[in-house]
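Participant: Take this structure, written in structure tokens, and hold onto it; I'll ask about it next.
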Amino acid sequence: MQSPLQRDTTRTGHVVVVGGGIAGLAAAHRLLSTGLRVTVLEATGRLGGKLMTGEIAGTRVDLGAESMLARRPEAVELATAVGLGDRLQPPATATASVWTRDALRPMPKGHVMGVPGDPDALSGVLSPEGLARIAQERDLTPTAVGEDVAVGAYVADRLGREVVDRLVEPLLGGVYAGDAYRISMRAAVPQLFEAVKEGGSLLDGVRRVQERAAARQQTGPVFQGIDGGIGTLPDAVADAVRAGGAEILLATPVLGLTRTAQGWDVRTDTRVIAADGIVLATPAWSASTLLAAESPAASVELAAVEYASMALVTLAFRRSDIAGTPALQGRSGFLVPPVDGRTIKASTFSSNKWQWVADAAPDLFVLRTSVGRYGEEEHLHREDSELVDVSLSDLAAATGLKARPVDTEVTRWIGGLPQYPVGHLTRVARIRAEVAGLPGLRVCGAVYDGVGIPACVASARQAADEIARYLTGGIAEGNTKDHTEEIIATPTRVQGTRSEAGQ
């Protein structure tokens, strides 16, 4: 006979955060700054979501997200607030390549997510025929984008499939592990979406985007890492949250949420926790299950969100063994267009890209490859040894690498990245409109406002601030109109690479 559930009935300004990824931890950190009492419940045995460090050949490395966009301030601000400001580190080199048409070619400059403003920017990556097709774009009748359009489909229609297949696809795949021909332009490249809505050619739209970016005169690094790994950020936030008086419970899955006359009951397998507010910082499928009883419409929408799975293969070599492989020198890594039929989708040369990795293991050369994207989950069922072997085979073909690694680590991220197909932002608006009718509950995370770390932190801040205002009388129950219109009118900014994605 099961023992009765313990009941925690303390409420007074108590917010339960469900999910201990970076979004949930950031929400807890923000809530504590408002004076609320916070409990974080994480279903697994560790914190951090897609941010995780591990060891290879005795050296600590990132096994998940490895960098964060620095041109958005939220993640850098959070890292600084929890004492990591002096450990922020830009990449030591950002000289990336594209492995296409059987050669490593320099990553072109002067484009917006692979979409050029000038055909000459893609010289070397595209064939002469592909470049000629781009040059014809201004003679085409302008194409309306409507409320949303797939990036790949629109760009292929305007500039030809080659620019999509050779550059847009691998770059967007780096963010979402997705399919460019399905990904929403409004969600994934909002600045370009707004430019093409103004009319005229796509090439001119790209140039307007570039001119506006130049006018902002942003300085400093585009990306930042952390000495010791981006995976150290969740633990630092968790330490700050605990120091602020919050309770963090691991291996504590939430089994149900129930509205009561006083607020919410949060049911785990051992107790029922009374809460005045809830921040739901979980993947879409989990949020769908937890909202099924109280918000069936939001639950249905969340259940329809698709995810891509991928694997990271981390390899450590003796530097002496790769000395005769010049293609590994100086580069930060390379992207691989799926159209070329390779198994790996990208490789990061960690010892080149991050000075802290090189300093920690001066006799080693650490790199990693990524395998799998949306629709290619079969790779995830292969044995670790197979993924290592296929990575080495592709690396040999790309760089001439013949050395064998001294250590390997395969990390699988099942359901790692939410997909942002055409209409995704409208779906998010519907979800938020439904959730806004639940007093004292908000959602945040990678599924809503962007898959990068800064976007997750911003999403968490928004949820925390709305809960705090609600608990102090600042949010009227059921008042969803203004919030919904704001979500629909403001395109999500999603920037960065797959390497900075985190729930």
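Participant: Sort through ARG216, ARG242, ARG161, ARG212 and tell me the only one that's more than 30 Å from VAL16 (Cα to Cα), among the basic types (Lys, Arg) and at pLDDT 95 or above.
Facilitator: On the way: ARG216 fails: at pLDDT 95 or above; ARG242 fails: more than 30 Å from VAL16 (Cα to Cα); ARG212 fails: at pLDDT 95 or above.
Unique residue meeting the criteria: ARG161.
Participant: Can you tell me which of VAL357, VAL313, VAL339, VAL300 is open to solvent by 10 Å² or more (accessible area, probe 1.4 Å), among the β-branched types (Val, Ile, Thr) and over 30 Å from ALA433 (Cβ atoms)?
Facilitator: VAL339
Participant: Sticking with this structure for a sec: Among the listed residues ASP204, ASP276, ASP227, identify the single one that is charged (D, E, K, R), touching a residue at least 24 places away in the same chain (Cβ under 8 Å) and within 30 Å of SER332 (Cα to Cα). Write out each step before concluding.
Facilitator: Working: ASP204 fails: within 30 Å of SER332 (Cα to Cα); ASP276 fails: within 30 Å of SER332 (Cα to Cα).
Every option except ASP227 fails the conditions.
Participant: I'd like to check which helices (runs of 4 or more DSSP H) are fully inside the range 362-480 and have at least 3 residues that are of a type in the set (Gly, Ala, Ser) and open to solvent by less than 10 Å² (accessible area, probe 1.4 Å).
Facilitator: Values: elements: 384-399, 424-435, 446-449, 453-471.
Qualifying helices (runs of 4 or more DSSP H): 453-471.
Participant: Hey, another quick one. If ALA246 passes every condition in (1) under 29 Å from PRO439 (Cβ atoms); (2) open to solvent by 30 Å² or more (accessible area, probe 1.4 Å) but one, which one does it miss?
Facilitator: With (1) under 29 Å from PRO439 (Cβ atoms); (2) open to solvent by 30 Å² or more (accessible area, probe 1.4 Å) applied to ALA246, the lone miss is (2).
Participant: Can you name the condition, by its number, that ILE475 falls short on among (1) more than 26 Å from ALA297 (Cβ to Cβ); (2) modelled with pLDDT under 95; (3) in contact with a Pro (Cβ under 9 Å, 6 or more places away or on another chain); (4) of a type in the set (A, V, I, L, M, F, W, C)?
Facilitator: (1)
Participant: Another question, if that's okay. Determine which member of the set ASP265, ASP276, ASP227 is open to solvent by 40 Å² or more (accessible area, probe 1.4 Å) and either at pLDDT 95 or above or in contact with a His (Cβ under 7 Å, 6 or more places away or on another chain) (or both). Step through it out loud before you land on a result.
Facilitator: On the way: ASP265 fails: open to solvent by 40 Å² or more (accessible area, probe 1.4 Å); ASP276 fails: open to solvent by 40 Å² or more (accessible area, probe 1.4 Å).
Just a single option satisfies the conditions, and that option is ASP227.
Participant: Could you tell me which of the residues VAL189, VAL151, VAL206, VAL115 is in contact with a strand residue (DSSP E or B) (Cβ under 9 Å, 6 or more places away or on another chain) and under 18 Å from VAL339 (Cα atoms)?
Facilitator: When all the criteria are applied, what remains is VAL151.
Participant: Which of the residues spanning the range 240-270 are assigned to a loop (DSSP other than H, G, I, E, B) and over 27 Å from the mean Cα position of the chain (by Cα)? Talk me through it step by step, then tell me what you get.
Facilitator: Initially, the range 240-270 is screened for residues assigned to a loop (DSSP other than H, G, I, E, B), giving 244-246, 250-255, 260-263, 268-270.
Of everything in the range 240-270, those that are assigned to a loop (DSSP other than H, G, I, E, B) and over 27 Å from the mean Cα position of the chain (by Cα) turn out to be GLY244, GLY245, THR260, ALA261, GLN262, GLY263, THR268, ASP269, THR270.
Participant: For ARG166, indicate whether it is part of a helix (DSSP H, G or I) and open to solvent by 30 Å² or more (accessible area, probe 1.4 Å).
Facilitator: Details: part of a helix (DSSP H, G or I): yes; open to solvent by 30 Å² or more (accessible area, probe 1.4 Å): yes.
So ARG166 fits the description; yes.
Participant: I would also like to ask the following. Kindly provide the set of residues from the range 103-120 that are charged (D, E, K, R) and touching a residue at least 24 places away in the same chain (Cβ under 8 Å), ordered by number. Walk me through how you get there before you give the answer.
Facilitator: Start the filter on the range 103-120 by keeping residues that are charged (D, E, K, R), which leaves 105, 109, 118, 120.
If the condition is that a residue be charged (D, E, K, R) and touching a residue at least 24 places away in the same chain (Cβ under 8 Å), then ASP118 is the only one that fits.
Participant: What's the number of the only condition in (1) open to solvent by 30 Å² or more (accessible area, probe 1.4 Å); (2) closer than 25 Å to GLY333 by Cα; (3) in contact with a Ser or Thr (Cβ under 9 Å, 6 or more places away or on another chain); (4) not acidic (Asp, Glu) that ARG161 fails to meet?
Facilitator: (3)
Participant: Another question about this same structure. Of the residues ALA213, ALA156, which single one is under 15 Å from GLY114 (Cα atoms), among the small types (Gly, Ala, Ser), assigned to a helix (DSSP H, G or I) and open to solvent by 10 Å² or more (accessible area, probe 1.4 Å)? Show your work before the answer.
Facilitator: On the way: ALA213 fails: under 15 Å from GLY114 (Cα atoms).
Going through ALA213, ALA156 in turn, the sole match is ALA156.
Participant: Another question, if that's okay. Identify the residue in the range 138-153 that is among the β-branched types (Val, Ile, Thr) and open to solvent by less than 50 Å² (accessible area, probe 1.4 Å) and, among all such residues, is nearest to the chain's Cα centre (by Cα).
Facilitator: Step one: list which residues in the range 138-153 are among the β-branched types (Val, Ile, Thr), which gives 141, 143, 145, 149, 151.
Retained after the next criterion (residues that are open to solvent by less than 50 Å² (accessible area, probe 1.4 Å)): 143, 145, 149, 151.
On the way: THR143: 30, VAL145: 25, VAL149: 21, VAL151: 18 Å.
For the range 138-153, the residue satisfying everything is VAL151.
The values are calculated or read from the model by the stated rules, or taken from the named source; none is laboratory data. Quick caveat, the model's predicted, so the values are computed rather than measured. We place every Cβ from the backbone using ideal geometry, glycine too, and count neighbours over all the protein chains shown. Heavy atoms of the whole protein, side chains included, go into the accessibility calculation; ligands, DNA and RNA do not. Shrake-Rupley method; radii C 1.70, N 1.55, O 1.52, S 1.80 Å.
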